[in-house]
Amino acid sequence: MAQIDSGSRGGRASNFELNLVPFIDLMSVLITFLLISAVWTQVSMIQLGASFASPRQDQETPIKPPPLEDLVLRLDIKEGGYVLFVGKDVRSIPKVNGVYDKATLKNDLMKVKQMYPDKGGIKLAIEDKIIYDNVISVMDIGMGVGFAPELLTGGPN
């Protein structure tokens, strides 16, 4: 506790104690909130042509992007069926008699794998009302063809 003594005025001494516990509690809550809500950024390093630490290289090799980086392979699982996105191509696979057409999906995924053998993953966007067994069966089909399924949050557009 903090105590403040001031001289006596008019015959009375004004002596009082400050309670610092609420102030310390407030500061600990504010510091915790600051640390939790802080945005952590990654500092990037800028590559300079020549510096004092390393000599300049005369022949710089261009950095090549990984193969098929820009090819988006996505499968939307909706109540009405599947929607397969391969780059800018869109293929809709509707339900047959109220059941998902897994054979057509498997054939289409096999064709995509033959066209792009280096493509490793497929992104899955799932509506909220889809039963979990349907999601698992689609993941099994994707893994059987050779794609690693990646689940997206937020569902299909």
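All of the numbers you see were taken from the coordinates with simple rules; none came from a lab. The structure displayed is predicted, hence computed values, not measured ones. We place every Cβ from the backbone using ideal geometry, glycine too, and count neighbours over all the protein chains shown.
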Long-range amide H partners of G87 with built H, under 5 Å: V72, L73, R74
Two-site FRET efficiency, D140 against L35, from Cβ-Cβ distance with R₀ of 41 Å, rounded to 0.05: 0.45
Bins of 5 Å from zero: percent of alpha-carbon pairs in the stretch 73-151: 3, 16, 31, 29, 15, 5, 1
Exposure proxy ranking, count of Cβ atoms within 10 Å, fewest first, for Y116, Y100: Y116, Y100
For the stretch 73-151: lysine pairs under 21 Å (alpha-carbon distance), excluding those fewer than 8 apart on one chain: 25
Efficiency of FRET from Cβ geometry, A148 and V99, R₀ 25 Å, rounded to 0.05: 0.45
